[in-house]
Structures are given as C-alpha cells and as structure tokens.
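First comes the structure, then the notes that go with it.
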Amino acid sequence: MPTRGSAYITVNDNDKPTALPIARAFSELGFRLYATGGTSAYLERHGLTVRRVNKLKEGRPHALDLLKNGEIDIVINTPLGRQSFRDDMLMRRECHASSVLLLTTMSAARATVEAIRSLRENTLEPVALQDLYIQSQARNNKTSQAHGAPVPTGHVD
C-alpha cells in the first residue's frame, strides 16, 4: 500500500459528500490529488487543490495515460451508469497491469486512509507465529498461577 504519492478520485454524484473528507485526509497526508471534472469541481469548491483529469471520452491526456506513466498511486473509483461501466472496466484493467491500488467503495477508501496513517505512525516489526504462541502460553501460565490453578505442562499422561 502506498503511503505517499498521488490519489486519483472519480466518484459518482451520490458519493461526492463522502469522498470529501477522504480526499481531505489524503491531501493532509501529502498526497497530490487528481480528479475528473465533476469530482474536481466539487473538491475545489470545498477548498482542496486538485488537478483535473479528463475522463476517457473527453480525450487525452486522461486517467489511463496517467496510470501508464506511473503518475497515480491510488485510484478511488465509484462508477455509475453504462459509460462509467466501460471506463471502469478499462480503469480496473490498467490498475491491475500497473499494480496500482484500486478502491471501489467509500468504506475501502476510508479504511485505506486509516491504514496509511497507521503505517506512518507505527513501526511494524515482523513476528514469527511460534514466538506469538510462546508469549501466549507464558501469559496463560501466569494467569493460571495467579488464580491458583495447576500449570499445564503440555504433556499428556
């Protein structure tokens, strides 16, 4: 999951109010924002700086060009309608080919923002499952001893 770069947002009219705080969060995280005409206008009206990108039917350069050029790291796309379905199919295909994160619901976009915040704030260390098991057993043993219960040895008689 990219923790910096750019986010391309193209959402249907019903999702624009929900997309606003998500776009704002991406912007606060330092992401450059790209959006199609309607989404771009909506976000700009609410104080965000957004680079407008053509829809596929509006001519080049369009979103697929930006994806192919590696200029987009995350795509938020909630299409609606027949033309959007065709564009969505091409967008999905290019995201897959370019290994770009594609989010098709507002809940997934919201969760992604939270995940990026978490990744930036916390250092993640790999832990072996065996170590987690040993720690869990040690905690269970301490709890059993505190309550006067016999401590299991792991052996069966």
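The values are calculated or read from the model by the stated rules, or taken from the named source; none is laboratory data. Everything quoted here is computed from the prediction, not taken from an experiment. We place every Cβ from the backbone using ideal geometry, glycine too, and count neighbours over all the protein chains shown.
For (1) in contact with a Ser or Thr (Cβ under 9 Å, 6 or more places away or on another chain); (2) of a type outside the set (Phe, Trp, Tyr); (3) modelled with pLDDT under 80, each residue gets a yes or a no:
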position	(1), (2), (3)
Pro61	no, yes, no
Ile76	yes, yes, no
Ser84	yes, yes, yes
Asp87	yes, yes, yes
Leu119	yes, yes, no
Asn122	no, yes, yes
Pro126	no, yes, yes
Thr153	no, yes, yes
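Residue pairs, Cβ under 8 Å, 6 or more apart or interchain, first in the range 54-70 and under 10 Å from Asp87 (Cβ atoms), second assigned to a loop (DSSP other than H, G, I, E, B) and modelled with pLDDT of 90 or more. List them.
Listed pairs, sorted by first residue: Lys55/Thr36; His62/Val53; Ala63/Thr36; Ala63/Val53; Ala63/Ile72.
Please list, ordered by first then second residue, the pairs with beta carbon atoms under 9 Å, 6 or more apart or interchain, first in the range 92-121 and more than 19 Å from Val11 (Cβ to Cβ), second at pLDDT 95 or above and part of a helix (DSSP H, G or I).
Arg117/Ala25
What's the total number of residues in the range 93-137 that are of a type in the set (Ser, Thr, Tyr), within 18 Å of Ala63 (Cβ to Cβ) and not in a helix (DSSP H, G or I)?
Total meeting the criteria: 2.
Filter the range 105-136 down to the residues that are loosely packed, with under 15 Cβ neighbours inside 10 Å and of a type in the set (S, T, N, Q) and list them by number.
Thr105, Ser107, Ser118, Asn122, Thr123, Gln130, Gln135, Ser136
Only one residue in Thr49, Thr78 is closer than 14 Å to Ile9 by Cβ, without any contact (Cβ under 8 Å) to a residue 24 or more places away in the chain and hydroxyl-bearing (Ser, Thr, Tyr), so which one is that?
Only one candidate passes the filter, namely Thr49.
Among the listed residues Ala19, Ala63, Ala23, identify the single one that is touching a Lys or Arg at 6+ places or on another chain (Cβ under 8 Å) and closer than 24 Å to Ile116 by Cα. Let's see the steps before the verdict.
Details: Ala19 fails: touching a Lys or Arg at 6+ places or on another chain (Cβ under 8 Å); Ala23 fails: touching a Lys or Arg at 6+ places or on another chain (Cβ under 8 Å).
Only one candidate qualifies: Ala63.
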